[in-house]
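Just below is one structure, and these are the notes that go with it.
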Amino acid sequence: NDYQELLNKSYSLMDENQIGRIVDIISEKKRIYVYGKGSSGLAALEMKLRFMRIGLDITSMDHSDMIRMRGVFQDENCLVFGVSISGEKEEVLYLLEEAHKRGARTVMLTARNRPDFDAFCDEVVLLPSLLHLNHGNVISPQFPILLLTDILYSYYLSQDPYKKEVLHDSTLRALEKGRREKVM
């Protein structure tokens with residue numbers, strides 16, 4: 001089935017050394033940004049929500065003009081993820097190029113490897129793709145991005161897991177307190 005094929009492709013494409021390098025960059029940067037359009041933008045939002053709950057200062061964005069503008073504000077304190085399954089979203093490519101020029105570390109998540117990505121991406125993470133995956137009529141185009149998010153999250157969580165679990169529990173308590181206050 002298609003899910004099994006995507007999982008097998010994910011496994012064969014995964015480079016544990018690369019995942020480790022990216023997690024090290026996540027740990028050292030003050031600000032993390034995740035940008036994508038359409039389904040990739042929705043997956044970027046999920047990535048933000050996952051990592052935010054364990055204390056990471058992370059922002060996601062999917063608006064074309066905002067993505068282009070944000071490129072000029074990135075610097076050496078930032079890690080910028082660009083998410084584009086097709087590898088062709090002009091706004092995402094522009095953002096990565098501009099951020100890289102300004103000293104930010106840049107990571108491209110894509111199913112399409114192009115040699116020109118190396119000029120402005122510190123890491124290019126290849127995602128599996130199936131023909132017509134971008135139509136989302138059988139398997140969500142977000143699936144390979146979300147799978148990679150889970151892998152990155154797991155590796156990141158394994159670094160100082162006690163501290164991150166405490167942060168996660170604190171966010172859950174904050175949410176619960178907010179829900180109780182609404183009821184009262």
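At a glance:
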| item | result |
| --- | --- |
| Built amide H within the under 5 Å cut-off of Val34, gap 5+ | Thr59, Ser60, Met61, Phe81 |
| Volume per residue of the C-alpha convex hull in the range 27-114, rounded to whole Å³ | 84 Å³ |
| Accessible surface of the chain [probe 1.4 Å, protein heavy atoms]: carbon and sulfur percent | 52 percent |
| Percentage relative contact order, the chain, counting C-alpha pairs under 8 Å, at least six apart | 22 percent |
| Neighbour-limited loop hits for trypsin sites (Lys or Arg not before Pro), the range 24-86 (at most 13 other Cβ within 10 Å; DSSP other than H, G, I, E, B) | Lys30 |
| Calculated [θ] (222 nm, deg cm²/dmol) that DSSP helices of n ≥ 4 give over the chain, each run adding -39,500 (n - 2.57) | -16500 deg cm²/dmol |
| The range 14-68 - percent relative contact order, Cα under 8 Å, separation 6 or more | 35 percent |
| Unit charges on C-beta of K, R, D, E only; dipole of the chain, Debye | 700 debye |
| Gain on full stretching of the segment that runs from Leu157 to Ile25 - 0.36 nm per residue minus C-alpha separation | 46.1 nm |
| Cleavage-rule hits (GluC sites (Glu not before Pro)) in the range 60-152: DSSP loop, at most 10 neighbouring Cβ within 10 angstrom | Glu76 |
| Solvent exposure, largest accessible area first (probe 1.4 Å, DNA, RNA and ligands not counted), of Ser60, Ser158, Ser140 | Ser158, Ser140, Ser60 |
| Relative contact order of the range 30-102, defined on C-alpha pairs under 8 angstrom at six or more residues apart (%) | 39 percent |
| For the range 95-108, Karplus couplings with θ = phi - 60° (6.51, -1.76, 1.60), whole Hz, Gly/Pro x | 4, 4, 4, 5, 4, 4, 4, 8, x, 6, 7, 10, 10, 9 |
| Dipole axis of the chain (+1 Lys, Arg; -1 Asp, Glu on Cβ), positive-most option in Met47, Cys78, Thr171 | Thr171 |
| Per-residue HN-Hα couplings for the range 52-57 [Karplus 6.51, -1.76, 1.60; θ = phi - 60°; Hz; x = Gly/Pro] | 4, 5, 10, x, 7, 7 |
| Cross-link reach list, lysines versus Lys29, counting only Cα pairs under 24 Å and skipping chain neighbours closer than eight places | Lys37, Lys48, Lys101, Lys163, Lys164 |
| Cα convex hull of the chain, projected area averaged across orientations, nm² | 11.9 nm² |
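The values are calculated or read from the model by the stated rules, or taken from the named source; none is laboratory data. Just so it is clear, the model here is predicted, and its values are computed rather than measured. Glycine gets a Cβ as well: all are built from the backbone with ideal geometry, and neighbour counts include every protein chain shown. Heavy atoms of the whole protein, side chains included, go into the accessibility calculation; ligands, DNA and RNA do not. Shrake-Rupley method; radii C 1.70, N 1.55, O 1.52, S 1.80 Å.
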